[in-house]
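Just so it is clear, none of the values below were taken in a lab; they were calculated from the coordinates. What you are looking at is a predicted structure, and each value in this text was computed from that prediction instead of being measured. A quick note on method: Cβ atoms are made from the backbone with ideal geometry, for glycine too, and the neighbour counts reach across all protein chains shown.
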């Protein structure tokens, strides 16, 4: 098997055996999507049939559903589809491990020459898959991703928080994220092989997709409401996800703590020298216990904040070295 070596501190080998352009694996993470699974399957098969008829008569596909510990009958609905379609598969987790684990499981199972990552709630427009495949089939890009035109359909607060996240993330991280970019994308198998080889425990796929490089192109789409149910992404989950993203691909918070500590030390030292000379020369005595107490509490708060930042990095190291699996598969079809 032929390999290409990438230039990095830890080299990753890119397999070159997927030179054909005749197949795609559809990876679909699911959590409580009982009502949408059959509708999604019907819509996506229409698009995949169009690809076979219009672009590539040798086209083949598989659909991989990952049930991330759903509390409803999502797995039951997927099993019905697996019994009906030979190219439909199920990975059922023993509990909820999160979307990142579901994405990884789907990538590991996918065997075709290109992989599409898409949600089952039909907020991602399935019709874009045809255009994505056409671009990839014509060797115009290795990654074709979908990006929202605007934040319509979201609450004002969620839209603003998202905007703030992207701005902060792009300031502190070397990996730049495009506002509105989604997980919905088509990727060449060589790209997915590299993503699977990145065995970090805390995964932030949005940034990983950018970090690996390769030729990319974007397709815009309009927001569409969910066809059923409600999102499982609460504000707290989104906040944790944002922290995960900023810490996973940046050491800037640690560097900021050093420079702020250095600046405070310099200011404190300069002020201390001023007090000494002011007392010696002018005979002024230091007054103001309330102000002193305020300064002490302020510095104590700063120290606790930066201890918390350091703790976030240490916690990730601790969880990484335990080397536990990203997920546990209860059933696979």
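Quick look at the values:
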read-out	value
Alpha-carbon centroids, segment 52-99 and segment 147-201: separation in whole Å	24
Residues 161, 90, sorted so that the one with the fewest Cβ neighbours within 10 Å comes first	161, 90
Volume of the Cα convex hull of segment 95-167, divided per residue and given in Å³	153
GNM top mover of 27, 276, 116 - the chain, alpha-carbon springs below 10 Å	276
Antiparallel bridge percentage (DSSP; both residues within segment 21-250; nearest 5)	25
0 to 90° range, to nearest 10: angle between helix 128-137 axis and the chain longest Cα axis	80
Listed residues 67, 188, 53, most fluctuating in the chain (Gaussian network, C-alpha, under 10 Å)	53
The chain: angle of helix 37-54 to the longest principal axis, Cα-based, in degrees nearest 10	70
Folded to 0 to 90 degrees: helix 156-172 orientation relative to the chain principal axis, Cα	70
Of 25, 248, 268, the one that fluctuates the most in a GNM where the chain has Cα springs shorter than 10 Å	268
Packing-based ranking, highest mean first, of 254-261, 122-129 given that Cβ atoms within 10 Å are counted	122-129, 254-261
Percentage, to the nearest whole number, of Cα pairs in the chain over 28 Å apart	51
Shape of segment 40-99, Cα gyration tensor, a/c cut at 1.5	prolate
Exposure proxy ranking, count of Cβ atoms within 10 Å, fewest first, for 144, 273	273, 144
